[in-house]
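I have placed the structure first, in the form of structure tokens, so that the comments after it can refer back to it.
The values are calculated or read from the model by the stated rules, or taken from the named source; none is laboratory data. Keep in mind the model is a prediction, meaning the values are calculated, not measured. In this analysis, Cβ positions are derived from the backbone assuming ideal geometry, glycine residues included, and neighbour counts consider all displayed protein chains. What goes into the accessible areas is simple: the full protein's heavy atoms, side chains included, and nothing from ligands, DNA or RNA. Shrake-Rupley method; radii C 1.70, N 1.55, O 1.52, S 1.80 Å.
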Amino acid sequence: MSRFRSRRRFLQLLGGASLGAAGCLGRDGGSPSTTTATETTTTTAEPTTTYGPTSGPDERVTATPPGDPALSPSGTWPQYQFDAGNTGYNPDVSVPPVAEEYWRLNAGGSPVLDGERLYNLHGRGRDKSALVRRDPSTMAERSATTLVRYGINSPPVVAGDRVVVTTFIEAFCLAADRDEVLWRGPEMDGIHGPPAVGDGVAVVSGGGFDGVPTHLRAFELGDGTERWHYDLGSDAKGAPAVADGAVFVVTDDAVHAVDLATGERRFRVESRASEWTTPVATTEAAYLTTRDDELLALAPTDGTELWRSPGSGTPVVADDVLHVAVDGETATLSLDDGKEVAARFHGGPHARARETILVSDEHGQLFAYDSVEERRLWIHHTPEVQVADVISQGVGTAVPLDGAVYVVAADGFHGLGPARD
């Protein structure tokens, strides 16, 4: 995968949110809501067809929640790539063995879930600067909190009774169950990716902008107190990973590991990686892909190279294998030595739930494969759409739960459930 495709893939995974804005916008660029709202279902009537601003039809879905029929999901997906390590693997849920679309809506970007609520940013044509709390079965809005008028990163992170979301300039911590900002800031221009939350700490990577040097900051989740600050020295625009008591982040010239408790450097290893790279970390290894389409596995203690193999994009790491994109396919590798141990699947990996791996191709098709039996379970097609004179197609996010799969694609937000009689 080229550097352009790798960066576009990262932007797609973040759900189409505005990831960058003019750094001159400060805290006064928008005002958070201070109103407390109860969790009531609200909907807004909108036309079922719209037209682009210049010529030609706008084929994006404009139907608003609630979706019908209702899904019956259970389980969690609390942050980008499921956990603080970005593994993309949830061993506690099962994707429906046969699935079909229940609804397709204009319902915002990449979701995270805590079992009771789904959280994401507003969809097209709505207040894009608001974090929305939704009913996971229908996407009906329960409450929303307006944040700022400039770029906001997606998806957020839910941790207990709190939700953390980053804007281009600062972090916001909100109440999970109501419209309330608990803390925000400080300003650190150049945030391009979502935060990582682990062990009661929210970690934010500031990619640098307009004289602000690139750095990591760690905040106490409880009150927003800054725990530490670490200078990176070069561009970093991917999401950080937290595992093995450390924070891992990739710059355009190195991989950094920083102690989560103290902010002290654990190691810095030079690499030919893109600043848009998002690492994956576990207690056994830290994984990242390079500009040369190689996947590196590093020891999390000192950065020693364990092995390298072909690969691009962000891998999905399960208990004993790893799934990574290689030449438009998903290869399955041994965690011990990086050797391929199974047949390849068509498309690049998004997520894994128990034995099922979700992958998609550039034609907007989402596939579910049984990774053990090496067979396809089902395929879901998302259509090509035209917005004014721009043609778009593709799957940005696929989030699996028990009884449901949420798909954010070019044409809208899809809710998939078990096949009905």
Mind checking which residues of segment 350-363 are under 18 Å from the mean Cα position of the chain (by Cα) and either open to solvent by less than 10 Å² (accessible area, probe 1.4 Å) or among the polar types (S, T, N, Q) (or both)? His350, Ala351, Ala353, Ile357, Leu358, Val359, Ser360
Looking at segment 153-188, which of the residues that are buried (at least 21 other Cβ atoms within 10 Å of the Cβ) and at pLDDT below 90 is farthest from Pro240 (Cα to Cα)? Met188
If you take the residues of segment 387-401 that are assigned to a strand (DSSP E or B) and buried (at least 18 other Cβ atoms within 10 Å of the Cβ), which of them is modelled with the lowest pLDDT? Val387
Taking segment 264-314 only, how many residues are surrounded by fewer than 17 Cβ atoms within 10 Å (Cβ to Cβ), touching a residue at least 40 places away in the same chain (Cβ under 8 Å) and not hydroxyl-bearing (Ser, Thr, Tyr)? 2
Answer from Val247, Val255, Val204, Val242 - the residue that is farther than 23 Å from Leu295 by Cα, out of contact with any Cys (no Cβ under 6 Å at 6 or more places or on another chain), open to solvent by less than 30 Å² (accessible area, probe 1.4 Å) and part of a strand (DSSP E or B): Val204
So, of the residues in segment 114-148 that are of a type in the set (A, V, I, L, M) and surrounded by fewer than 24 Cβ atoms within 10 Å (Cβ to Cβ), which turns out to be modelled with the lowest pLDDT? Val148
Could you list, in sequence order, all residues of segment 207-236 that are touching a residue at least 60 places away in the same chain (Cβ under 8 Å), open to solvent by 10 Å² or more (accessible area, probe 1.4 Å) and assigned to a loop (DSSP other than H, G, I, E, B)? Asp210, Leu221
It is to be established whether one or more residues within segment 338-349 are part of a strand (DSSP E or B), under 19 Å from the mean Cα position of the chain (by Cα) and farther than 18 Å from Ser312 by Cα. no
Between Thr87, Thr42, Thr50, which is modelled with pLDDT of 95 or more, β-branched (Val, Ile, Thr) and closer than 25 Å to Leu131 by Cβ? Thr87
Given (1) surrounded by fewer than 21 Cβ atoms within 10 Å (Cβ to Cβ); (2) in contact with a Lys or Arg (Cβ under 9 Å, 6 or more places away or on another chain); (3) in a loop (DSSP other than H, G, I, E, B), number of the condition Thr87 does not satisfy: (1)
Taking the condition basic (Lys, Arg), surrounded by 21 or more Cβ atoms within 10 Å (Cβ to Cβ) and modelled with pLDDT of 95 or more, does Arg104 pass? no
